[in-house]
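Just so you know, all these numbers are worked out from the coordinates, no wet-lab data involved. Since we're looking at a predicted model, the values are computed, not measured. Cβ atoms come from the backbone with ideal geometry, glycine included; neighbour counts cover every protein chain shown.
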């Protein structure tokens, strides 16, 4: 899952989300306490892969079985940045989480839609980082002309040691609604998992929408 095909996060909904978020242009950076949201760079790949690799090896949030190589992961970041935002949140030079958008489908009629992904360092849950990253990403996508956001989320019939429903509840809290369920479509750690699609509408869907622009950091 994830990368070009989904979203994952393991952030507990017991977190008390901040009531406000200072929003500024990404190239000017978003400052909140000691953390900064900025565009990812290919040179960030090692730190980002450290975050993602844990989810691959220890959870069913990602449906990948093997951790991508540093070269492959760097290439993924570079490919995303050709068209979409890829943001990180860092503190004193350490990346604590990341989020990015990708194409929903390849056909031209889907150009106004995108798919969302987000991961937070497993040791940094409970700080509201996921919310702040998603809000920042959403603002950049609105500027591009994106209308619909989609999240593809692994979902357990019964929560277990590898997967909870936290991601589903996080997205619901962020304004996403359930669009559909694929039943027992992913097999990992000797068990079957469902996958749910969630949707958030952020555009007005004009009769003559402007073309979506490629993102510029």
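Numbers at a glance
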{"read-out": "Burial ranking of peptide ranges 85-93, 171-179 (average Cβ count within 10 Å, highest at the top)", "value": "85-93, 171-179"}
{"read-out": "Solvent-free Debye scattering, log10 I(q)/I(0), computed from the Cα coordinates of the stretch 151-209 at q = 0.14, 0.22, 0.27 Å⁻¹", "value": "-0.45, -0.84, -1.11"}
{"read-out": "Average silhouette area of the stretch 102-185, convex hull of alpha-carbon atoms, in square nanometres", "value": "6.7 nm²"}
{"read-out": "Estimated distance in nm for a label pair at residue 50 and residue 178, the labels positioned 7 Å out from Cα along Cα-to-Cβ", "value": "3.8 nm"}
{"read-out": "Length-normalised contact order for the stretch 62-171 - Cα pairs under 8 Å, 6+ apart - percent", "value": "20 percent"}
{"read-out": "More than 20 Å apart - percent of Cα-Cα pairs taken over the stretch 61-209", "value": "54 percent"}
